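The values are calculated or read from the model by the stated rules, or taken from the named source; none is laboratory data. Owing to the predicted nature of the structure, the values given are computational and were not obtained by experimental measurement. Here the Cβ positions follow ideal geometry from the backbone for every residue, glycine too, while neighbour counts run over all protein chains shown. Accessible surface is based on the protein model in full, side chains and every heavy atom, while ligands, DNA and RNA are left aside. Shrake-Rupley method; radii C 1.70, N 1.55, O 1.52, S 1.80 Å.
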Amino acid sequence: MQIIDGKKIAGEIKAELKATTERWLREGKRPPHLAAVLVGSDGGSETYVAHKMKACEQTGFQSTLIRFDSRVSENELLERIARLNADEDVDGFIVQLPLPPHIDERKIIETIDPAKDVDGFHPVNAGRMMIGLPCLLPATPAGIMELLRRCRIETAGKRCAVLGRSNIVGKPIAMLMAQKTQSGNATVTICHSRTKDLADVTRQADIIIAAMGQPEMLTADMVKDGAVVIDVGTTRTPSADAKSGWKLKGDVKFDEVAPKCSYITPVPGGVGPMTIVSLLNNTLQAASLKRSSCNS
Ligand code: NDP
């Protein structure tokens, strides 16, 4: 059994990104620039955005954090997004989710210029991904695909169970795994809360990608020997041992599932760090495309 060290692989990718940034600087170009819009002060969102800004610093990317009070109006936010769309100095930006209930998340996402949508949530990017056209991929699924590629895990012809059907993880990762590409070509089953006998599906799977947000739901009896298990779940659960009072738990009961696996990702330190480097990769891609279209 091999534990996939997402933190180490993400570190290698960051070093590659840093080398690219340094080359750009030597060539007299400015570094890629990622902006993040944060509304309110939700603890989880603060932490995620802080990690993204830190990763920019580590790779030499420029970063800008734009904060709004949680009472900001939808119009004010839309107006700021329009300015970011028009800002030549910003290559890509994200609006950290979730947003307060009085703001329509869909409307916000659809206002982002697809060429700057480095979270890959805009319908144009989702549609292009679906039909296999170049696009900005959603960060977490892109990170999972990169983990599989870098660990040389064979996907062609494998049975893959995706647990979860959200627009940001479940659906796109299922699509990428099924795509007719070298790192796809799997036979995919998508499961959700209405799936009957989930264990029957997971027991047949060579690759299980768990993205339910249900702590430790995937147990050893649900996994066949030699399976690859990718745990996307991250749920804060109360913990008396932790200084913060909580601990991150994945969807997989790691201690009992790991011995049965050929490969498994831990939580934390598996998919999470890959999500962040995928966001940087998308920013680099957005910056490169902008430059090539300016030069053509
Ligand atoms: P959502 O809540 O949007 O989706 C969860 C999905 O899981 C839904 O499709 C739901 O089914 C399904 N589900 C829930 N309970 C069950 C169950 N008992 N059996 C089968 N399916 C079930 O979550 P997200 O996709 O946004 O995130 C999933 C998890 O991944 C979360 O823990 C989140 O924190 C984590 N995450 C981690 C990231 C990282 O970088 N590590 C990035 C993004 C997310 P239905 O559609 O029927 O409701």
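Data table
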item	result
Enumeration of residues in the range 246-258 that are assigned to a helix (DSSP H, G or I), without any contact (Cβ under 8 Å) to a residue 60 or more places away in the chain and either surrounded by 17 or more Cβ atoms within 10 Å (Cβ to Cβ) or near the ligand (Cβ under 9 Å from one of its atoms) (or both)	PHE254, VAL257
Residue match in the range 271-283 (condition: part of a loop (DSSP other than H, G, I, E, B), within 10 Å of the ligand (Cβ to nearest atom) and either among the small types (Gly, Ala, Ser) or open to solvent by 70 Å² or more (accessible area, probe 1.4 Å) (or both))	no
Checking VAL90 against (1) surrounded by 13 or more Cβ atoms within 10 Å (Cβ to Cβ); (2) more than 19 Å from LEU289 (Cα to Cα), the condition it does not meet	(2)
Residue within the range 216-236 that is of a type in the set (Lys, Arg) and either within 13 Å of the ligand (Cβ to nearest atom) or outside any loop (DSSP other than H, G, I, E, B) (or both) present	yes
Selection count where residues are without any contact (Cβ under 8 Å) to a residue 12 or more places away in the chain, in a helix (DSSP H, G or I) and open to solvent by 60 Å² or more (accessible area, probe 1.4 Å), scope the range 16-59	5
Every residue from the range 212-241 that is touching a residue at least 60 places away in the same chain (Cβ under 8 Å) and open to solvent by 20 Å² or more (accessible area, probe 1.4 Å)	VAL232, ARG236
Counted residues, the range 1-15 - those being hydrophobic (A, V, I, L, M, F, W, C), assigned to a helix (DSSP H, G or I) and open to solvent by 50 Å² or more (accessible area, probe 1.4 Å)	1
The range 287-296 - residue that is open to solvent by 10 Å² or more (accessible area, probe 1.4 Å) and in contact (Cβ under 8 Å) with a residue 24 or more places away in the chain and, of those, farthest from the ligand (Cβ to nearest atom)	ARG291
Some residue of the range 27-41 being modelled with pLDDT under 95, more than 25 Å from GLN285 (Cα to Cα) and more than 19 Å from the chain's Cα centre (by Cα)	yes
Single residue of ALA174, ALA156, ALA178, ALA186 found to be over 30 Å from LEU78 (Cα atoms), loosely packed, with under 15 Cβ neighbours inside 10 Å and at pLDDT 95 or above	ALA156
Helices (runs of 4 or more DSSP H) fully within the range 101-210 counting 2 or more residues that are within 16 Å of the ligand (Cβ to nearest atom) and within 22 Å of VAL39 (Cα to Cα)	105-111, 139-150
Residue count, the range 93-144 (criterion: basic (Lys, Arg) and either modelled with pLDDT under 95 or crowded, with 16+ Cβ neighbours inside 10 Å (or both))	2
Count of residues meeting criterion [farther than 26 Å from VAL49 by Cα and free of Cβ contacts under 8 Å to residues at least 60 places away in the same chain] in the range 113-157	13
Tabulated pairs, the range 259-286, first on the phi > 0 side of the Ramachandran plot, second crowded, with 24+ Cβ neighbours inside 10 Å and modelled with pLDDT of 95 or more, C-beta under 6 angstrom, 6+ apart or interchain	GLY269/GLY6
Criterion (open to solvent by 60 Å² or more (accessible area, probe 1.4 Å), modelled with pLDDT of 95 or more and under 21 Å from the mean Cα position of the chain (by Cα)) met by exactly one of ARG165, ARG194	ARG165
